[in-house]
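A short write-up of the structure that comes next.
FYI, it's all coordinate maths here, none of it is from the lab. Quick caveat, the model's predicted, so the values are computed rather than measured. Neighbour counts are summed over all protein chains in view; Cβ atoms, including those assigned to glycine, are modelled from backbone coordinates with ideal geometry.
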Amino acid sequence: MINAATPLLDVRDLTVTINRDGRLVTALDKVSFFVNPGEVLGIVGESGAGKSITGAAIIDLLVPPLKRTGGTITLAGERLDQLSPKAMRGVRGGKIGFVFQDPMTSLNPVITIGQQLCDTIQAHLRLGGSLTKKRALDWLDRVGLPNPDVQFKRYPHQLSGGMRQRVVIALALCADPALVIADEPTTALDVSVQAHILELLRDLHRESNVSMMLITHDLGVIAKMADRVAVLYAGRVAEIGPAGELFNAPKHPYTRGLIRATPMPSATGEMRLDQIPGAMPGLGAVPPGCAFNPRCFRAEGDCRATIPPLYHEESSAFSCFHPLERVTA
Amino acid sequence: MLNYAASRIVQTIIVLLVISFIAFLLVANIGDPLAALLSADATVNERLELIAKLGLDQPLWTRFLHFIGNMLQGDFGFSYRTQDPVANLIAERLPATVELAFVSLLITIVVGVPAGIYCGVNPNSLFGRFIMLISTAGITLPNFVVGILLIAVFSVQLGLLPSFGRGTVVDLGFWKTGLLSVSGWRAIFLPAATLSTFQVAFIIRMLRTQLMEVGQSEHIRFARARGLSEARIWYVYAIKNTLLPVITMLGLQLGNIIAFSVVTENVFAWPGLGSLFLQSIQGADIPVIAIYLIFVGLVFMVINLIVELLYPLIDARVLRRQS
């Protein structure tokens, strides 16, 4: 474990609002977390919890009317939230790579794979033409595409979904970023292909020691990949902690609910599945107090009155007045 | 690619045959060549002789094949009105119209494409909104109004440009061009500008809509997330996605101008195909109208063919849809 005192990415009180006909609605409410060098941080939550917004906000790629309205983002000592658009362009792709969700729509259909790679490399690294091409071919090879020379000249429509996602990963990593944000990198793929892509991401992470923010709703993916996990609920952080600790002894009732709602065979081979009653509140409909209180079996008066702060323990933090005991089975 | 080209060419030929057949039916069924060619006191024998000579006693299909065969040998028949070969009439008028069409296409590309890109990239800028406002006028004003306005300003008020004719024409033997003399260029400017008004406005609006749509797409967002420059994103990554509809429109418009610039040619007394077509309709000159119809079909089909053969060079997905 690397010293947690110098995180690579430090996000504090990140707030994103959406302007709905003049009414400001909070989409992300003071989200704080950090990513250590070489670490994989999983970001997990239901749809609409603010996972993707978090990723997009870090590289300032929010789609209007979403807007970042507060908080600080620091990457290796540099304040990203204060950068000029031009400097931000150097960060995107150069220091932070971004893996998009759907490989069917995220590649330009009328430009060859090779050209897209070379353009991306040239935007960040000053290499000559032949070195750029060599690097592009290397990356096609590294992400496991056969015959890089052939693929280099092909168009996205000539590749399968899995192959395209490999190209997307190469595009995100080809300029040697220090951090990769992967936003649901396997959600749009066939189950059989998902495992290969995850394996590829893990191998690349081990080879290059790049840090990773893995955004997903799939706890199975988190369990395979992540060192630490941040659980998001209705635009707030519910709990952050090392993956093993969080899975075995969740502190926040929501985290436990999420784990129990994931189908996993028990030791005896039977499947257990408990769903959390109710549904996550939509944008602008977050109840006062803890956002989870209407669905929580431990909720009391204080939960309905004030938003619980993040309570920090040595390696973890949770936002709950009545946390589950560590020893609960 | 070869398959694609071959199938496009075969399609073109089939459509041209169908058009020729319709034009042939026109010639075969409207008007009475015997009445025009025989004297009033001709005998029944003379009449039968002429029928046999013209092949009018043959079945329809034989006559159609004969018609096609003649056309392939350059024999397009004779005008009822002037008794001249139709081929000569068209060849005489063609250069004026083709030159007019190409100059107006040039104006469209030089003015419309940059302005359209500007409006697509900066849809909310003041200048972009101004261009859109002007282009609304360009879309809605009819050609003859634009032409008359231009004449009123540039010919009558300012006296800068001539209001009719082609200026000095240089005969190259096979082609009489007005583009080799200063007076020719001065003469072509107003009619070409008139014709391109609508095209410019149309291309601006189309490019703008296309670019705004592509700008929202996921692959452009991904290109931004990789730190590509805005210039590269717009002028290469986005533009290339809008080219197919744009060149399709430009091709169709070029065909439209060559075939149907009747009104503008009339306003500027431009000695082109449009005026010939108008005169032929007034004189019920069926052979000329028929050949003109086939010619228009040919122009559209050839332009369309060229455009379609360009498609795979821009977007390779076209070939996949084929197979």
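With everything on Cα atoms, drop me the angle between helix B:239-260 and the longest principal axis of chain B, reported from 0 to 90° to the nearest 10.
So the helix axis and the longest Cα principal axis differ by about 30 degrees.
In the neighborhood of A:LEU62, defined by Cβ-to-Cβ distances under 11 Å, what is the net charge if each Lys or Arg adds +1 and each Asp or Glu adds -1?
Residues close to A:LEU62 contribute a combined charge of +2.
To the nearest Å, what is the center-to-center distance of segment B:14-61 and segment A:226-265, using C-alpha atoms only?
Rounded to whole Å, the Cα centres lie 90 Å apart.
Can you pull out the chymotrypsin sites (Phe, Trp or Tyr not before Pro) in segment A:219-276 whose DSSP state is coil and whose Cβ has at most 14 other Cβ atoms within 10 Å?
On the way: sites: A:TYR233, A:PHE247, A:TYR254; in loops: none.
Sites meeting the loop and neighbour criteria: none at all.
What are the residues whose amide H is under 5 Å from the amide H of A:VAL229, where those residues sit 5 or more places off or on another chain and H is modelled from the backbone?
Those lying under 5 Å, H to H, from A:VAL229 are A:GLY42, A:GLY241, A:ALA243.
Taking only Cα atoms and a 10 Å spring cutoff, compute GNM fluctuations for chain B and point out the largest among B:GLY147, B:GLY178, B:GLY55.
Judging by the Gaussian network model, the answer is B:GLY55.
Counting only other chains, what is the mean number of Cβ atoms within 10 angstrom of the Cβ of each residue in peptide B:211-222?
Mean partner shielding for this stretch: 4.
Rounding to the nearest 20 debye, state how big the charge dipole of chain A is about its Cα centre with +1 on each Lys and Arg Cβ and -1 on each Asp and Glu Cβ.
720
Taking only Cα atoms and a 10 Å spring cutoff, compute GNM fluctuations for chain B and point out the largest among B:TRP270, B:TRP234, B:TRP61.
Highest fluctuation of the listed residues: B:TRP61.
Need the list of lysines near A:LYS134 for cross-linking: C-alpha distance under 30 angstrom, and skip anything on the same chain fewer than eight residues off.
Qualifying lysines at Cα under 30 Å: A:LYS86, A:LYS95, A:LYS153, B:LYS240.
Can you tell me the 0 to 90 degree angle between the C-alpha axis of helix B:273-282 and the longest principal axis of chain B, rounded to 10?
40
Helix by helix, which DSSP H runs in chain A go 24 Å or more along their axis at the Cα atoms and have an average Kyte-Doolittle hydropathy of -0.5 or more?
Flagged H segments are A:191-208.
Does segment A:55-175 classify as rounded, prolate or oblate by the C-alpha gyration tensor (a ≥ b ≥ c root eigenvalues; a/c under 1.5 gives rounded; else a/b over b/c gives prolate, otherwise oblate)?
Prolate is the answer for segment A:55-175, as a/c is 1.5 or above and a/b outweighs b/c.
Report, to the nearest 10°, how far helix B:286-314 tilts away from the longest principal axis of the Cα atoms in chain B, using its own Cα long axis and a range of 0 to 90°.
Approximately 30 degrees, to the nearest 10.
If amide H atoms are built 1.01 Å from N in the plane of the peptide, which residues on other chains or at least 5 residues away come under 5 Å of the amide H of A:ILE181?
The list, which skips near neighbours in sequence, is A:GLY97, A:PHE98, A:VAL99, A:MET213.
Highest GNM mean-square fluctuation, chain B, Cα pairs closer than 10 Å: which of B:LEU161, B:LEU313, B:LEU244?
Top of the fluctuation ranking is B:LEU313.
Decide, for the protein assembly as shown, between rounded, prolate and oblate: order the square roots of the alpha carbon gyration tensor eigenvalues as a ≥ b ≥ c, take rounded if a/c falls under 1.5, and otherwise choose prolate if a/b is larger than b/c, else oblate.
Numbers: a/c = 3.02, a/b = 2.55, b/c = 1.19.
Because a/c hits 1.5 or more and a/b exceeds b/c, the protein assembly as shown counts as prolate.
With an 8 Å Cα cut-off and a minimum separation of 6 or more residues, compute the relative contact order for chain A in percent.
Across chain A, relative contact order equals 20 percent.
If we count every other residue with Cβ under 15 angstrom of B:LEU250's Cβ, Lys/Arg +1 and Asp/Glu -1, where does the sum land?
Every neighbour counted, the sum reads 0.
Among rounded, prolate and oblate, which fits chain B when a ≥ b ≥ c are the square roots of the eigenvalues of its C-alpha gyration tensor, a/c under 1.5 means rounded, and a/b larger than b/c means prolate?
oblate
With contacts defined as alpha carbon pairs under 8 Å and 6 or more residues apart, what's the relative contact order of chain B in percent?
27
Once you list every other residue whose beta carbon is under 13 Å from the beta carbon of B:LYS176, what net charge do they have if Lys and Arg are +1 and Asp and Glu are -1?
It works out to a net charge of -1.
222 nm [θ] for the protein assembly as shown, helices only, -39500 (n - 2.57) per DSSP H run of 4+, per residue, to 500?
Numbers: 26 runs with 329 residues, N = 652.
The per-residue figure over the protein assembly as shown is -16000 deg cm²/dmol.
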